[in-house]
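To start, the structure under review is shown below, and the notes come after it.
The values are calculated or read from the model by the stated rules, or taken from the named source; none is laboratory data. Note that this is a predicted model, so its numbers are computed, not measured. Because the Cβ atoms are built from the backbone with ideal geometry, glycine has one as well, and the counts that use them run over all protein chains shown.
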Amino acid sequence: MTDLKTTGQQLGRRSWAEPWKIKMVEPLFMSTPEQRRAAMEAAGYNTFLLKSEDVYIDLLTDSGTSAMSDRQWAGMMLGDEAYAGSRNFYRLEAAIQQYYGYKYIVPTHQGRGAENLISQAAIKRGQYVPGNMYFTTTRLHQELAGGIFVDVIIDEAHDSTHPHPFKGNVDLDKVQALIDRVGAANIAYISLAGTVNMAGGQPVSMANVRALRALCDQHGIRIYLDATRMVENAFFIQEREEGYADKPIAAILKEFCAYTDGAWMSAKKDNLVNIGGWLALNHEDVFEAARNMVVVYEGLHTYGGMAGRDMEALAIGIEECVEDQHIRSRIGQVRYLGELIEQWGIPIVQPIGGHAIFLDARAFYPHLAQIDFPAQTLAAELYLDGGVRAMERGIVSAGRDPETGDHRYPKLELTRLTIPRRVYTQSHMDVVAESVKAVYDRRAETRGLTMTYEPQYLRFFQCRFAPK
Ligand SMILES: *Cc1c(COP(=O)(O)O)cnc(C)c1O
């Protein structure tokens with residue numbers, strides 16, 4: 001086996017290390033194979049149903065799993081827990097205005113709270129919502145508001161091996177074709193995500209959003225941004241797009257947002273907090289509608305479901321997440337894991353994205369049909385091998401077509417290893433890579449799963465399976 005510790009040198013580059021040190025530790029439970037088998041059976045082979053206590057390295061999601069800094073924890077003590085007009089809200093509002101550049105801010109308890117508000121405020125029943133690939137909660141809120149989602153991402157995004165540097169880009173011809181077919185008045189807005197989670201954490205280029213803005217201006221269509229991982233997107237622009245190598249991440253972020261009319265945010269991702277979200281808007285009409293609805297669904301418009309201390313930690317998290325050295329090390333760690341897995345010839349989505357390594361479960365298990373749930377199977381196998389928790393992003397996550405009731409069969413059948421921010425060390429990444437290798441080595445013996453229980457909404461969270 002390759003000597004993992006010398007990988008940096010083997011790849012011909014200098015090693016890097018995390019720009020933080022550890023002040024407090026949380027001991028982890030080291031389980032036996034028998035304990036893991038029992039836990040997996042009890043969880044119906046769905047990693048969402050495992051107890052966190054039974055997990056060694058938890059790569060289920062980077063959502064709300066970040067480690068806060070000492071500054072953020074200090075900020076927690078500055079919570080102004082007033083029902084109305086908390087000081088922390090105004091500090092949060094100022095941070096979003098400064099770093100993302102939008103005018104009006106509505107706080108929400110997390111990203112889907114903001115998705116509900118923007119969907120209800122900006123979609124009329126029967127309108128189309130073109131987007132650069134879907135996201136689970138985003139599309140569901142758009143559909144619940146009566147919208148019809150249309151995928152307008154470039155074709156390369158659906159090809160897991162295509163090396164396109166900006167696989168999150170919108171295909172402007174697809175947008176134009178939709179405008180020609182249904183008319184601009186029947187398009188609610190463009191739902192633009194940076195980076196695109198379901199495509200493997202792939203970025204959108206500045207040139208693409210600029211061109212999209214020009215097209216939308218011709219037709220009076222607004223663009224709303226899913227800004228959840230937009231800071232990671234800014235890193236890829238700095239790294240790959242001509243003219244941006246010397247621009248700070250903060251400047252790139254602000255320029256990108258300026259081409260859009262508003263954004264929703266799951267602050268549990270880029271913004272380095274464990275809970276929180278926001279909606280930001282430049283137009284007063286949508287803002288007024290959203291600010292009125294927030295009191296129905298979330299809480300008063302100066303807290304939106306967050307405690308004052310949460311808003312303070314969030315404001316500080318926004319400042320920290322746009323620091324160049326933070327984002328370089330965050331994406332560097334993801335890349336470190338990806339390069340280890342890649343060197344063994346194990347199929348992963350290319351190029352390596354911003355927040356996760358996506359194992360290509362179809363190529364991993366070529367003998368399994370998609371209805372055998374290969375990505376779900378791979379997630380279960382990883383847990384059984386070493387207590388590493390991953391997530392399915394394939395046929396289970398795609399759900400059923402609301403019209404026909406059939407499974408949707410997405411092109412991408414992926415198992416996601418998602419890296420929490422500032423939580424694990426490179427040694428943890430070594431252990432994860434070796435576990436993937438062990439599961440790969442016995443792939444020929446692996447059978448698929450059958451679904452034994454299926455809930456109505458967002459089934460991947462709660463459905464259950466049994467081995468074939
Ligand atoms: C997590 C996420 C959301 C939803 O946010 P929550 O905070 O989980 O409600 C929306 N869009 C993207 C891209 C996400 O990753």
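Table for the structure above
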quantity: Selection count, the stretch 182-206, where residues are within 16 Å of the ligand (Cβ to nearest atom) and either free of Cβ contacts under 8 Å to residues at least 40 places away in the same chain or of a type outside the set (Ser, Thr, Tyr) (or both); calculated: 13
quantity: Exclusive hit being in contact with a Cys (Cβ under 9 Å, 6 or more places away or on another chain) and away from the ligand (no atom under 16 Å from the Cβ), set Tyr99, Tyr83; calculated: Tyr99
quantity: Qualifying positions in the stretch 240-280 - within 15 Å of the ligand (Cβ to nearest atom) and assigned to a loop (DSSP other than H, G, I, E, B); calculated: Thr260, Ala267, Lys268, Lys269, Asp270, Asn271, Leu272, Val273, Asn274, Ile275, Gly276
quantity: Residue among Ile237, Ile221 that is part of a helix (DSSP H, G or I) and touching a residue at least 24 places away in the same chain (Cβ under 8 Å); calculated: Ile237
quantity: Criterion (in the same structural domain as Gly277 (by TED's automatic domain parsing) and on the phi > 0 side of the Ramachandran plot) met by exactly one of Gly146, Gly131; calculated: Gly146
quantity: Residue list for the stretch 260-282, filter: surrounded by fewer than 24 Cβ atoms within 10 Å (Cβ to Cβ) and within 14 Å of Gly101 (Cβ to Cβ); calculated: Asp261, Asn282
quantity: Contacts under 6 angstrom Cβ, first residue in the stretch 88-101 being part of a helix (DSSP H, G or I), partner surrounded by fewer than 21 Cβ atoms within 10 Å (Cβ to Cβ), 6 or more apart; calculated: Asn88/Asp80
quantity: Pairs where the first residue, in the stretch 57-69, is outside any loop (DSSP other than H, G, I, E, B) and the second is away from the ligand (no atom under 16 Å from the Cβ), C-beta under 6 Å, 6+ apart; calculated: Ile57/Val388; Ile57/His428; Ile57/Val432; Asp58/Arg389
quantity: Single residue of Ala245, Ala290, Ala307, Ala250 found to be buried (at least 24 other Cβ atoms within 10 Å of the Cβ) and in the same structural domain as Ile118 (by TED's automatic domain parsing); calculated: Ala290
quantity: Any hit, the stretch 127-138, residues being over 18 Å from Leu192 (Cβ atoms), within 16 Å of the ligand (Cβ to nearest atom), part of a loop (DSSP other than H, G, I, E, B) and in contact (Cβ under 8 Å) with a residue 40 or more places away in the chain; calculated: no
quantity: Number of positions in the stretch 240-299 that are hydroxyl-bearing (Ser, Thr, Tyr) and closer than 16 Å to Glu115 by Cβ; calculated: 3
quantity: Boolean, Leu78 is assigned to a loop (DSSP other than H, G, I, E, B) and away from the ligand (no atom under 16 Å from the Cβ); calculated: yes
quantity: Subset of the stretch 146-181 (residues that are within 15 Å of the ligand (Cβ to nearest atom) and either more than 19 Å from the chain's Cα centre (by Cα) or in a helix (DSSP H, G or I) (or both)); calculated: Ala157
quantity: Residue list for the stretch 122-152, restricted to those being touching a Leu at 6+ places or on another chain (Cβ under 8 Å) and either modelled with pLDDT of 95 or more or surrounded by 24 or more Cβ atoms within 10 Å (Cβ to Cβ) (or both); calculated: Tyr128, Pro130, Gly131, Asn132, Val150, Val152
quantity: Number of positions in the stretch 418-433 that are free of Cβ contacts under 8 Å to residues at least 24 places away in the same chain and not in a helix (DSSP H, G or I); calculated: 0
quantity: Some residue of the stretch 398-417 being over 30 Å from Glu320 (Cα atoms), assigned to a loop (DSSP other than H, G, I, E, B), among the acidic types (Asp, Glu) and under 21 Å from the mean Cα position of the chain (by Cα); calculated: yes
quantity: Among the candidates Ser63, Ser119, residue that is within 16 Å of the ligand (Cβ to nearest atom), modelled with pLDDT of 95 or more, within 30 Å of Ala466 (Cα to Cα) and touching a helix residue (DSSP H, G or I) at 6+ places or on another chain (Cβ under 9 Å); calculated: Ser63
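Rundown of residues vs (1) touching a helix residue (DSSP H, G or I) at 6+ places or on another chain (Cβ under 6 Å); (2) within 27 Å of Arg229 (Cβ to Cβ); (3) in the same structural domain as Arg422 (by TED's automatic domain parsing); (4) surrounded by fewer than 24 Cβ atoms within 10 Å (Cβ to Cβ), yes/no style:
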residue: Glu339; (1), (2), (3), (4): no, yes, yes, yes
residue: Ile346; (1), (2), (3), (4): yes, yes, yes, yes
residue: Ala356; (1), (2), (3), (4): no, yes, yes, no
residue: Asp360; (1), (2), (3), (4): no, yes, yes, yes
residue: Ala363; (1), (2), (3), (4): no, yes, yes, yes
residue: Leu368; (1), (2), (3), (4): yes, no, yes, yes
residue: Leu378; (1), (2), (3), (4): yes, yes, yes, no
residue: Asp385; (1), (2), (3), (4): yes, no, yes, yes
